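Right, one structure below, let's go through it.
Please treat every number below as a calculation from the coordinates, not as lab data. Computed from a predicted model, the values in this text were never measured in an experiment. Reconstructed Cβ throughout: ideal geometry from the backbone, glycine too, with neighbour counts over all protein chains shown.
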Amino acid sequence: MFKKIIPAEITYFVIAIWGVFFANIILVGINLNQFGIRPRTLDGLYGIVLSPFLHAGLYHLISNTLPLLVLGSLLRASVGSNKLRYIMTLGALGSGIGVWCFGSSHVIVGASGMVFALLGFMFSNALFNPSIRNWLIAIAAFITYGGALFSLVSFLPYISWAAHFWGFISGVVLSILLRQK
């Protein structure tokens, strides 16, 4: 039953991030979060790929897991599995590159860039590829997570505005590049 509701792409990623979280707890003396994005440093480049799998704590992990499950499930209904994989992967990479170039000097971890890429894609997909389904999905996403958009321009402590902003921009760009002709 869950296979039809929650896409495999999202399920596997969520299992991976939870697995890394528990590995970080079990591996006493090793803080895997040191492998997050270190903006504008060469040794921080690998964090662009690793950061979405790393989280600062249980609340942070849950705060990314729930939107990934909901938004990923909604988006798959609109674009299918292949495009969802591209959006997740390229959205996370786009966010990571933006954070590496423009982020604060702190180590950045978390999958919120991917979450905001999904949001950016959903909203702009309704504009660039209008259909009743795309509009309903965008409206559902806005009702559920529209309040999160304020973090695109807020500078709250311990929240990477750059990850949110560049994830959202990546989603918009991907919706333009992947739009149906």
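Miscellaneous remarks
- Estimated from helical segments only, the mean residue ellipticity of the chain at 222 nm is -22500 deg cm²/dmol, where each DSSP H run of four or more residues counts as -39500 (n - 2.57).
- GNM on the chain, alpha-carbon springs under 10 angstrom: the most fluctuating residue among Ile62, Ile97, Ile17 is Ile62.
- Choice from Val28, Val99, Val115 with maximal GNM fluctuation in the chain (Cα, 10 Å cutoff): Val28
- For Leu178, residues with placed amide H under 5 Å, excluding near neighbours: none
- Taking other C-beta atoms within 10 Å as the exposure proxy, Phe165, Phe116 rank Phe165, Phe116 from fewest upward.
- Residue of Ile143, Ile169, Ile87 that the Gaussian network model of the chain assigns the largest fluctuation, springs spanning Cα pairs under 10 Å: Ile143
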